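Worksheet: the structure to be examined is printed underneath.
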Amino acid sequence: MTDIHAVIKAKFETANNILIVSHIRPDGDAIGSLLGLGLALQNAGKHVQMVLNDGAPALFTHLPGAAQIKKQPEPGFDLFVTVDCADFKRTGKQFQEMRKPDINIDHHVTNEKFAEINLVEAEAVATSEVLTSYLPEWGLAITPEVAAALTTGIVTDTLGFRTSNTSASSLRRMATLMETGINMPELYNRALNYRAYSAARYWGAGLSSLKSEDSIVYGTLRLSDRRETGYGGNDDADLINIISTITDHVVGMIFVEQTDGTVKISWRALQSGINVSPIAKSFGGGGHAAAAGADIPGSLEEIQPRVLAATREMLNL
């Protein structure tokens, strides 16, 4: 059997113009893996385009290379790579008209393996952890700038090493990144603790909407909340991470109205043994056992009761 890492290394070595993309509404691991791989390839002398359909969130613009992230690719790339994306459709509509990706690097158990070469390690805590493991094997150096990006991906996807899949091996890889000389406390605080005033007000709107039903705790963020608080993103400002700390419930959820007529839903398993990924998958989404999400077309008023009912049924609540 052909060694997948030898193939990936050869692809990177022979490519001249590389396009790297990740999913819409990018989180810390999307940004971290995009920048981590992109900067490492640039250091190897490659021309790299780092593109996100929604651009770089303000929360992560402090990372080295973030200013290079564009919303649209330029033609002429000879290698197409996706990172931290389980479903090609999640990259955004503009990429669906392009050819099939050459390489797909991810850690989601629901990954659809849509590329020519698929490196999917579901046991990894983050795609940034996958890259930390293999960049040296591909002949790519982990510099402090690359390490800062990868650290952000690992820290955010583990909620600061609090998720149940955090392992000794993931902590060893984090130690490898720290040995490059990064400022770990600063990166940690910027990723998880620091928030803009508008984001804090947006949290307030979501927290005031909280409801508890049948061991499910859930919040709602409407478009009006975004306007009234001045929050500029189209996500939940990581409010789901606050909801996931609520005790005496089985599942935490948040519903976020979108301007395109869809509702973004995030699920979090609040007890061990709960797997929310099949629920998200049934609505066209995906993720992990402990954390999953989906985007559903329709109104909040129609979608919310339907999704709550399906969640209760699938988890026997």
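If I take every Cα pair under 8 Å that is 6 or more residues apart in the chain, average their sequence separation and divide by the length, what percent do I get for the relative contact order?
13
Between LYS9 and ASN193, with labels modelled 7 Å along Cα→Cβ, what's the label distance in nm to one decimal, could you check?
Going from the LYS9 label point to the ASN193 one covers 4.0 nm.
May I ask you to derive the relative contact order of segment 242-284, considering only C-alpha pairs under 8 Å and at least 6 residues apart, and to give it as an integer percent?
Reported as a whole number, the value is 33 percent.
Which ³J(HN,Hα) values in Hz, rounded to whole numbers, follow from the phi angles of segment 283-295 under the Karplus curve 6.51 cos²θ - 1.76 cosθ + 1.60, where θ = phi - 60° and Gly and Pro get x?
Values, residue by residue: 9, x, x, x, x, 10, 4, 8, 8, 8, x, 7, 10 Hz.
In nm, give the distance between the simple-model label positions of SER208 and SER167, each being 7 Å from the Cα along the Cα-to-Cβ direction.
4.5
For THR262, enumerate residues with amide H under 5 Å from its amide H, sequence gap 5+ or separate chain, H modeled in the peptide plane.
GLY298
Residue by residue, what Karplus-based ³J(HN,Hα) values in Hz, rounded to whole numbers, does segment 147-153 have, using 6.51, -1.76 and 1.60 with θ = phi - 60° and x for Gly and Pro?
With the stated coefficients, segment 147-153 comes to 5, 4, 5, 5, 4, 4, x Hz.
What size of dipole, in debye to the nearest 20, comes out for segment 4-193 about its Cα centre when the only charges are +1 on Lys and Arg C-beta atoms and -1 on Asp and Glu C-beta atoms?
240
Within segment 124-218, report the GluC sites (Glu not before Pro) that DSSP leaves as loop and that have at most 16 other Cβ atoms within 10 Å.
For GluC sites (Glu not before Pro) across segment 124-218 that sit outside H, G, I, E and B with at most 16 neighbouring Cβ atoms in 10 Å, the list reads GLU179.
On a straight-distance basis, which aspartates and glutamates could pair with LYS71 in a cross-link, Cα separation under 16 angstrom, same-chain partners fewer than 8 positions away excluded?
Partners within reach: ASP27, ASP54, GLU97.
Can you figure out the FRET efficiency of HIS47 with GLU116, using R₀ = 22 Å and their beta-carbon distance, to the nearest 0.05?
0.60
Mind giving me the FRET efficiency for LYS100 and ALA309? R0 is 41 Å, r the Cβ-Cβ distance, nearest 0.05 is fine.
0.65
Using +1 at the C-beta of Lys and Arg and -1 at the C-beta of Asp and Glu, which of PHE88, GLY28, ALA67 has the Cα lying farthest in the positive direction of the dipole of the chain?
Of the options given, the answer is ALA67.
Compute the separation of the alpha-carbon centres of segment 93-138 and segment 218-296 and state it in Å as a whole number.
So the two Cα centres are separated by 23 Å.
Please state the charge dipole magnitude for segment 189-317, taken about the Cα centre, from unit charges on C-beta atoms (+1 on K and R, -1 on D and E), reported in debye and rounded to the nearest 20.
Around 300 debye, computed over segment 189-317.
How far is it, in nm, from the label point at MET184 to the one at GLU301 when both lie 7 Å from their Cα along the line to the Cβ?
5.2
Once R0 is set to 45 Å, what does the formula 1/(1 + (r/R0)^6) return for the Cβ-Cβ distance between THR247 and ASN16, expressed as a FRET efficiency to the nearest 0.05?
Plugging the Cβ-Cβ distance into 1/(1 + (r/R0)^6) gives 0.25.
How much length is gained if the chain between GLN271 and SER215 is pulled fully straight, taking 0.36 nm per residue apart and subtracting their Cα-Cα distance, in nm to one decimal?
Value of the extension gain: 19.1 nm.
With n ≥ 4 as the cut-off for DSSP H runs, can you work out [θ] at 222 nm for the chain, using -39500 (n - 2.57) per run divided by the number of residues, rounded to the nearest 500?
After summing the helix terms and dividing by the residues of the chain, the value is -10500 deg cm²/dmol.
No lab work stands behind these numbers, since they all come straight from the coordinates. What you see is a predicted model, and the numbers here were worked out from it, not measured in a lab. When we count neighbours, we look across all protein chains shown, and the Cβ atoms used for this are built from the backbone with ideal geometry, even at glycine.
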